[in-house]
Every structure is written in structure tokens, then in C-alpha cells.
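One structure is given here, and the rest of the page talks about it.
Here, each number is a calculation from the coordinates, and none is a lab measurement. Just so it is clear, the model here is predicted, and its values are computed rather than measured. Positions of Cβ are generated from backbone atoms using ideal geometry, with glycine treated the same way; all protein chains shown enter the neighbour counts.
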Amino acid sequence: MKSILNTLDIFMGHLAAGVMTFLLYISFGCIAGLSLIAIPAAFFEYGFGIDELDLTEIGSVVLFGLVTWRFFRRGSLQQWSKWQLIRRFICVVAITSLIVTFILFFMFVAVIITKGTIELSSLYRFDEFITLLSNLIMIAAIYAAAPLAPFYNSAHEKNSTVTTSTEKLTPEDEAGSADSQSTGKEEFEEKLKNYRAPENPWEKA
């Protein structure tokens, strides 16, 4: 009876984890898609075309395209798969959008608590500034999330490689290292023979 309940619990756990993971990806994908659509839509809100944009808005759109290209370019250089890059990009955009939305919601709540109402004139006045600031935060997040090669480890491995290649071992050192390797191999084989795996507690359930 316990074995059946244990199997059912494992099955339900995997099913629940799969459903929640699917819902999480769907939610993040929708949030990221709406956020990416909102960036150009906020600049073309009046529908006047490219003449409506000023230099700051054009620079924001160009910079957003550059950091997006850099993100996927760096990922391909680090041999990331397309699915890994898309998944990380979606998570970064969605989480940044949620953080920015929470900050704006907190600011609106604080204004309502202190003043009681929000004036439309002040809201329209700060709308362009808030949009530009949100886009800059999104650009900074994508720039920071781009996959990069390790800076310190690569330099350290390079120095260690140069050091080992330039050093020359004497015949006595080579013989000592060979003896130590053989001794270590024998000890490892002996430990492997005497090793006993821990008992699985689920087998007795």
C-alpha cells in the first residue's frame, strides 16, 4: 500500500511540477511579448509615424536593438543553444518588466496615500519620462544578462598553462610523480572495491 501511495505521490509531483513550469513559461512569455511590443508602441502612441520621434526616442530604439543583437551574439560565441538564449532573454525581459511595474505601482500608491488623488496633468507630464526610464532599465538589464566568457578564470588558466609549459621537470621529479600517481591509483581502486552505496530509504516505503 505504501509503495502504491509513494508511486502516486511521485507521479503527481512530477505532473504538478510540469504544469507549473509550463504556466510559468507561458506567463513569462506573455509578459515579455507585451513588454517588447510596448516599447515601440509607447513611442508611436499618437500614430504620426517616424516624424513624431525625437532624438532620445530614436536613440532608445537603436540602443535596444544593439543590446538585443549583442545578447544573442555573445550567447552564440559561448556556444549556448537557441532555446537557452530565448529562455534567458524572456526571463530577463519579464522579470525586469515586473520589477518596473511594481516600482510604478508603489509610487502611485504612495501619491494616492499622501495626496488622495492623482492629477491627470501631472500624470501626462511624467508619462514620457517614465517611459524613457523604463526602456533604459530594460536595456541595461538585457546588456547585463548577456552571456560572457569568464574574465578571471580565463586569465588564471592562461597563466597556469604558460607556467606549466615553461617549467622543466628533472628525471627524479618525473619518477616521483609517476610513483605517486601509481600509488594514488592503487588507493583509489582499493577504496572503490570497499565502497558501499547508502541504502535507499524509498525502497522500504
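The order of the peptides 14-23, 58-67 by mean Cβ neighbours within 10 Å, most packed first, is 58-67, 14-23.
Given a Förster distance of 45 Å, report the FRET efficiency between S76 and K115 from their Cβ-Cβ distance, rounded to the nearest 0.05. Working shown, then result.
Details: r = 50 Å, r/R0 = 1.12.
Once rounded, the FRET efficiency stands at 0.35.
Assuming R0 = 25 Å, what is the FRET efficiency of W69 and T21, from their Cβ-Cβ distance, to the nearest 0.05? Result of the calculation: an efficiency of 0.30. At an R0 of 45 angstrom, the distance between the Cβ atoms of L8 and I58 translates into a FRET efficiency of 0.15.
One decimal place: the segment W83-L34 gains 15.7 nm when fully extended, by the rule 0.36 nm per residue minus the C-alpha distance.
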